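The values are calculated or read from the model by the stated rules, or taken from the named source; none is laboratory data. Since we're looking at a predicted model, the values are computed, not measured. Because the Cβ atoms are built from the backbone with ideal geometry, glycine has one as well, and the counts that use them run over all protein chains shown.
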Amino acid sequence: MKNFYRLSQNANVIPLMAALMRRADLWQQNTYLRDYPQGPFGEVESIILRFPDRSVHETQEALAQHMEHFDQHENHDQPVYKTLPEARQLVMGLMSFVGGERLGRVMINKIKPGGRIYPHADTPVHANYWSRHHIVLQAGPGLVFRCEDEAPEMRTGDVWWFDNRQIHEVVNNGADDRVSMVVDIRTPR
């Protein structure tokens, strides 16, 4: 496969899933991705653990003004990240495994049965800088994660790298929620 590579299987995701079940309120705290105009995430609930402080519009303004010392790739821990130490363990383990040099966006996305992430490609400036990883927290039969013409079977506990520069989408045709943690890592080139 050229757009996907499974890095490992059987990651222990049970502690994080148990924490998410105990804290169902976390899914409603930040609706930035779901509410983003014309974005592909309208049917997704997200818990944003790390993200840039500025919106896309503010970032574009800063770049246009040639702000000194502005780093569009800078991400910050959001307050909820401290609430889920189980997530931090998985993220730091992945950082170590891939020899990560810098941690970017980290978010947990949930797609209900019948829901989807619509086809899109991430912006080149983002996708060319970061390596995109997914830690599959919950997936069952009927999940389709497609990138170009590939759609590997993803199972709970799998850890994947994939090429988010290409058109990709996720469709949950299954009976259960699909839950995945997206982790952007700057890796040695």
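Go through the range 100-121 and give me each residue that's among the charged types (D, E, K, R) and crowded, with 17+ Cβ neighbours inside 10 Å.
Listed by number, the residues that qualify are Arg105, Lys110, Arg116.
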Review point. If Gly157 passes every condition in (1) in a loop (DSSP other than H, G, I, E, B); (2) free of Cβ contacts under 8 Å to residues at least 40 places away in the same chain; (3) under 23 Å from Arg23 (Cα atoms) but one, which one does it miss?
Key: (2)
Check your understanding: Can you tell me which residue in the range 157-168 is surrounded by the most Cβ atoms within 10 Å (Cβ to Cβ), limited to those that are in contact with a strand residue (DSSP E or B) (Cβ under 6 Å, 6 or more places away or on another chain) and closer than 13 Å to Arg6 by Cβ?
Key -> Val159
Point to revise | Considering residues of the range 25-43 that are at pLDDT below 95 and not in a loop (DSSP other than H, G, I, E, B) only, the residue farthest from Arg146 (Cα to Cα) | key: Gln28
Check your understanding: How many residues are farther than 26 Å from Met92 by Cβ, in a strand (DSSP E or B) and among the polar types (S, T, N, Q) if we restrict to the range 160-189?
Key -> 1
Practice item. Please name all residue pairs, on different chains or six or more residues apart, with Cβ atoms under 7 Å, provided the first residue is in the range 169-181 and is closer than 7 Å to Gln138 by Cβ and the second residue is crowded, with 21+ Cβ neighbours inside 10 Å and of a type in the set (Gly, Ala, Ser). Key: Arg178/Ala139
Exercise for review: Return the total of residues in the range 122-141 being β-branched (Val, Ile, Thr) and surrounded by 17 or more Cβ atoms within 10 Å (Cβ to Cβ).
Suggested key: 2
Study note, to complete from the structure: Exception for Arg22 within (1) over 21 Å from Asn172 (Cα atoms); (2) surrounded by 12 or more Cβ atoms within 10 Å (Cβ to Cβ); (3) modelled with pLDDT of 95 or more falls at (2)
Practice item. With the condition kept exactly as written, say whether any residue in the range 173-187 is within 18 Å of Gln9 (Cβ to Cβ) and either surrounded by fewer than 19 Cβ atoms within 10 Å (Cβ to Cβ) or aromatic (Phe, Trp, Tyr) (or both). Key: no
Study note, to complete from the structure: Note on the range 87-115: residues out of contact with any Ser or Thr (no Cβ under 7 Å at 6 or more places or on another chain), within 12 Å of Met181 (Cα to Cα) and not aliphatic (A, V, I, L, M) are Arg88, Arg105, Lys110
Exercise for review: Return a yes/no flag: does the range 70-87 have any residue that is among the charged types (D, E, K, R), outside any strand (DSSP E or B) and modelled with pLDDT of 90 or more.
Suggested key: yes
**Study point:** Residues satisfying the stated conditions in the range 73-85, i.e. surrounded by fewer than 17 Cβ atoms within 10 Å (Cβ to Cβ) and closer than 23 Å to Ile14 by Cβ
**Key:** Lys82, Thr83, Pro85
